[in-house]
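Below is one structure, written out as structure tokens; the observations come after it.
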Amino acid sequence: MWICRFAWFTGSRLLASRLLAGLGLFLALAITGCSSRQVSEGEGAAAETRRIIILTNGPDPYWDTCEAGAKAAAEELGLAEQGFVVDFQRGDFTDKKQIDMLKQYVIASDVAAVGISVFNPESRNLATELRNLQQKGVQVITLDSDLNREKFRDARFAYLGTDNIIGGRELGRAAKALSPDGADFAFFVGDLGQANAVERMSGFLQGVGEDSGFNELARLSDGGDRPKARKNVEDLLNQHPECDMLVGIWAYNTPQIMNVVEDRGIRDKTKVVCFDAAQDSIRGMAQGSVDVMVVQNPYQMGGESVKLMHALVTDDQSTVDAMFPSYAQEGEADIYRTELRVVAPDEGSPLTEELFEESTVFFTNSQFQAWLKERGLISS
């Protein structure tokens, strides 16, 4: 009996000892595992991919070309190997959408830089959110459309894009060459208050000149709504049958103008002049439906924006200095001009290279299509 009790007691102690040893090993492994996870998580946080964001004013194929240029620059710079990614996001042609998205960027931990095509240049709230990003250490630029420079230029490092006054002036010069005796014309655009729209229309008037027989009938906005853009053209022609020149200010306006002109059979007496080169506009020029396109280079705009933001984030001062050799937030020292083109039909156009500024590139439609094809693009 005593021997049995002793054996039971000895076995119990041995079992307990083994249980304690197993528990100790389990705790050691658990602690090691936690420590390993903590190290791993720490390494992941340190190596978190940082975003270089481009936020557009709205959805349009124009921005597809800009995105292609941005992605090409990202590959050229090897951004992925450096822990960066280009994040291309689209607004909805409202400043509320842009402000809401900027607020999200402020609270995000992975945003390194933001380039924004400003929808409403007078928006104090948008400027405030851009300043909030700057205070957080995020680099901020504008592209394609700037803030009101007199009020808010401190809310971004610089503007990169077309000189829209010059672009409008070149379109006005083309219009004057197309209608040397003058014209009754109307402007069509998404938003009359956006900086690029205001500047293009102002430049157009400079280009045609005073006392040139050009009579402005109306300025009509559509808020980015394509059906409304078409209706604006129809309403204008109903009210002003004397109108003989239609001016598309944003990329999608021209296809709507073309369609209405074709439906009404008035092409023979109506000039169609426009900004930007939507795919349908390029096709329309080849078919004789468009007289001239003043074209930005959104591909270059996207690429140069990414290069600038990357340089700012990585403190690459040599690249910044090359783009802004006399940088200051005054005058035009914080403005980087991207390329401007005038595109004319292959045959029968009075437009020639000599009509335009030396810095403006003159293309025939076929030459322009070849340029696009080389880059895998369908619009600009």
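The values are calculated or read from the model by the stated rules, or taken from the named source; none is laboratory data. Since this is a predicted model, take the numbers as computed values, not measurements. With ideal geometry, Cβ positions are generated from the backbone for all residues, glycine too; neighbour counts draw on all protein chains shown.
Looking at the range 256-270, which of its residues are assigned to a helix (DSSP H, G or I), farther than 18 Å from residue 197 by Cα and in contact (Cβ under 8 Å) with a residue 24 or more places away in the chain? Reasoning before the result, please.
Going residue by residue through the range 256-270, those that are assigned to a helix (DSSP H, G or I) are 256-264, 267-269.
Imposing the further condition that a residue be farther than 18 Å from residue 197 by Cα reduces the set to 258-264, 267-269.
Of everything in the range 256-270, those that are assigned to a helix (DSSP H, G or I), farther than 18 Å from residue 197 by Cα and in contact (Cβ under 8 Å) with a residue 24 or more places away in the chain turn out to be 258, 259, 260, 261, 262, 264, 269.
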All positions within the range 168-194 that are among the aliphatic types (A, V, I, L, M), part of a helix (DSSP H, G or I) and surrounded by 23 or more Cβ atoms within 10 Å (Cβ to Cβ): 171, 174, 175
Would you be able to say whether some residue in the range 344-352 is aliphatic (A, V, I, L, M), at pLDDT 95 or above and in a strand (DSSP E or B)? yes
For residue 144, which of the numbered conditions (1) within 22 Å of the chain's Cα centre (by Cα); (2) in the same structural domain as residue 309 (by TED's automatic domain parsing); (3) at pLDDT 95 or above; (4) of a type outside the set (Phe, Trp, Tyr) fails to hold? (3)
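Look through 223, 209 and report the one residue that is surrounded by fewer than 15 Cβ atoms within 10 Å (Cβ to Cβ), touching a residue at least 60 places away in the same chain (Cβ under 8 Å) and farther than 15 Å from residue 272 by Cβ.
Among 223, 209, only 223 is surrounded by fewer than 15 Cβ atoms within 10 Å (Cβ to Cβ), touching a residue at least 60 places away in the same chain (Cβ under 8 Å) and farther than 15 Å from residue 272 by Cβ.
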Test result for residue 208, in the same structural domain as residue 246 (by TED's automatic domain parsing) and touching a strand residue (DSSP E or B) at 6+ places or on another chain (Cβ under 7 Å): yes
Inspect all residues belonging to the range 366-374 and state whether any of them is part of a helix (DSSP H, G or I), out of contact with any Phe, Trp or Tyr (no Cβ under 7 Å at 6 or more places or on another chain) and of a type in the set (Gly, Ala, Ser). yes
Pairs with Cβ under 7 Å, 6+ apart, first in the range 324-351 and under 26 Å from residue 160 (Cα atoms), second exposed (fewer than 13 other Cβ atoms within 10 Å of the Cβ) and of a type in the set (A, V, I, L, M, F, W, C): 324/333; 326/333; 327/333; 334/328
Report, ordered by the first and then the second residue, all pairs with beta carbons closer than 9 Å, sequence separation of six or more or different chains, a first member in the range 184-200 that is under 17 Å from residue 236 (Cβ atoms) and in contact (Cβ under 8 Å) with a residue 24 or more places away in the chain, and a second member that is part of a helix (DSSP H, G or I) and of a type in the set (Lys, Arg). 187/200; 189/200
I need the helices (runs of 4 or more DSSP H) fully contained in the range 93-167, keeping only those with at least 3 residues that are without any contact (Cβ under 8 Å) to a residue 12 or more places away in the chain. 95-107
Please go through the range 233-255 and give me each residue that is surrounded by 24 or more Cβ atoms within 10 Å (Cβ to Cβ) and not in a loop (DSSP other than H, G, I, E, B), ordered by number. 233, 246, 247, 248, 253, 254
